[in-house]
Amino acid sequence: MNARYLIGALALVVVSLLVWQLRWVLLILFGAVVLAVALDVPITWLRQRFSLNRPTALVLVLALLLGMGTLLSWVLLPEVIEQVNLLQRIIPALPEQLNKLVRQVPALQNLEREFLSKASFERMQPLGEQLLGFAGGAANGTLQTLLMALLAVLFALDPRSHQRLLTAFTPNFYRPRIQLVMRESREALGGWLAGMTISAVVVFLTTWAGLVLLKVPLALLSALVCGLLTFVPTIGPTLGTLLPMGVALLLVSPGKMVEVLILRLILQQLEAFVLTPFLLSRTVNLLPTVALISQLSLGVLLGLPGVLLALPLVVVLQVLGREVLVRDVMDQWDGKADQA
């Protein structure tokens, strides 16, 4: 092994260790880029339609988002508050409901006896420490989200300067290709965000309507959770189904829980195999296996933030792999140099 290859290998190891140490900073940075692209889609539309400069279009988009949020809060917030208050009144009665359910199912009685036999203060103490750690993590996550939002606004205000800064770190002959890759990455990410937003709204509305028709309590709250978790494909819809199923089981009957499960399975199949492929057919084509593996991998490495940002990261990596690895490396590799 000559000195050049040895130095290159050492440099690769050092860069990998540095990236790992800065993984949370890079995660916040990528999340800010995703939010900036989400803002850039309506900004670009406004500039094309009304010949506005970017700061004015950004202010209009932020004002529109604030107005829509206020309107939705005015329409939906009273019912959400009412359902949260109902949930608070129901929580004290949940132990009695659980006892009734346990008495009806023998297997649950055995599980309850086993849990009580193993429960002790020493065993429960780590749980309290975990809850305190969760509270501290929630506060840290809130600060990170605010920082991410601030960076997103700054990126959306002047994206070209940041693109030029990134392009400057590449060789002069390769800069046109990098600019093309960044442009295609932005289009793919914007298309994915637009498609998933429409899909989430449709899931929220259809789930809300279905739960109301089934007369399931806390329908709006459950539908909001299901709609938001649509942004986490494969894992999110399954987790979102647990809330309305649990509410139906504990507050209505096991039969109502089965009805909710059937409703959510039908909606999940329509969303996964009809709506989302139709919305993303022209922008992104992700294999379900790739999506699931990326979510599991980043979830293990980075926790919940990694799961949330796994899909947009894969969208960008897919563009990078196609344009850089395939077209610039693999397609140009004819093997003549190796034979020589």
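Among the residues in the stretch 284-306, are any on the phi > 0 side of the Ramachandran plot, at pLDDT below 85 and either out of contact with any Asp or Glu (no Cβ under 7 Å at 6 or more places or on another chain) or of a type in the set (S, T, Y) (or both)?
In the first step, residues of the stretch 284-306 are kept if they are on the phi > 0 side of the Ramachandran plot; the result is 303.
Keeping just the survivors that are at pLDDT below 85 gives 303.
Okay, now just the ones that are also either out of contact with any Asp or Glu (no Cβ under 7 Å at 6 or more places or on another chain) or of a type in the set (S, T, Y) (or both), so 303.
Looking for residues that are on the phi > 0 side of the Ramachandran plot, at pLDDT below 85 and either out of contact with any Asp or Glu (no Cβ under 7 Å at 6 or more places or on another chain) or of a type in the set (S, T, Y) (or both), one finds at least one in the stretch 284-306, hence yes.
Give just the number: which of (1) over 24 Å from L292 (Cβ atoms); (2) out of contact with any helix residue (DSSP H, G or I) (no Cβ under 7 Å at 6 or more places or on another chain) does G210 not satisfy?
(2)
Identify the residue in the stretch 203-261 that is outside any helix (DSSP H, G or I) and under 19 Å from the mean Cα position of the chain (by Cα) and, among all such residues, is surrounded by the most Cβ atoms within 10 Å (Cβ to Cβ).
V232
Does the stretch 209-235 hold any residues that are of a type outside the set (G, A, S), touching a residue at least 12 places away in the same chain (Cβ under 8 Å) and farther than 16 Å from K256 by Cβ, and which are they?
Scanning the stretch 209-235 gives L220, L221, L224, V225, C226, L228, T230, F231, V232, P233, T234, I235.
Can you tell which of G306, G299 is of a type outside the set (D, E, K, R) and more than 16 Å from V33 (Cα to Cα)? Before the answer, list the steps.
Working: G306 fails: more than 16 Å from V33 (Cα to Cα).
Criteria check complete, one pass: G299.
Quick one: which residue in L220, L193, L243 is within 20 Å of S294 (Cα to Cα) and either of a type in the set (F, W, Y) or in contact with a helix residue (DSSP H, G or I) (Cβ under 7 Å, 6 or more places away or on another chain) (or both)?
On the way: L220 fails: within 20 Å of S294 (Cα to Cα); L243 fails: within 20 Å of S294 (Cα to Cα).
Selected residue: L193, the only one of L220, L193, L243 that is within 20 Å of S294 (Cα to Cα) and either of a type in the set (F, W, Y) or in contact with a helix residue (DSSP H, G or I) (Cβ under 7 Å, 6 or more places away or on another chain) (or both).
Can you tell me which condition L154 does not meet? The list is (1) closer than 19 Å to T44 by Cβ; (2) surrounded by 15 or more Cβ atoms within 10 Å (Cβ to Cβ), and all the others hold.
The failed condition is (2).
From the list L27, L12, L18, L52, pick out the single residue that is surrounded by 13 or more Cβ atoms within 10 Å (Cβ to Cβ), on the phi < 0 side of the Ramachandran plot, modelled with pLDDT under 90 and part of a helix (DSSP H, G or I).
On the way: L12 fails: surrounded by 13 or more Cβ atoms within 10 Å (Cβ to Cβ); L18 fails: surrounded by 13 or more Cβ atoms within 10 Å (Cβ to Cβ); L52 fails: part of a helix (DSSP H, G or I).
Of L27, L12, L18, L52, the one residue that is surrounded by 13 or more Cβ atoms within 10 Å (Cβ to Cβ), on the phi < 0 side of the Ramachandran plot, modelled with pLDDT under 90 and part of a helix (DSSP H, G or I) is L27.
Tell me, which helices (runs of 4 or more DSSP H) wholly within the stretch 267-332 include 3 or more residues that are under 15 Å from the mean Cα position of the chain (by Cα)?
Values: elements: 276-280, 288-302, 304-320.
Of the helices (runs of 4 or more DSSP H) lying wholly inside the stretch 267-332, those with at least 3 residues that are under 15 Å from the mean Cα position of the chain (by Cα) span 288-302, 304-320.
Taking the stretch 55-71, which residues are over 25 Å from the mean Cα position of the chain (by Cα) and surrounded by 15 or more Cβ atoms within 10 Å (Cβ to Cβ)?
Filtering the stretch 55-71 for residues over 25 Å from the mean Cα position of the chain (by Cα) gives 55-57, 59-60.
Of everything in the stretch 55-71, those that are over 25 Å from the mean Cα position of the chain (by Cα) and surrounded by 15 or more Cβ atoms within 10 Å (Cβ to Cβ) turn out to be A57, L60.
The values are calculated or read from the model by the stated rules, or taken from the named source; none is laboratory data. This is a predicted model, so every value here is computed, not measured. A quick note on method: Cβ atoms are made from the backbone with ideal geometry, for glycine too, and the neighbour counts reach across all protein chains shown.
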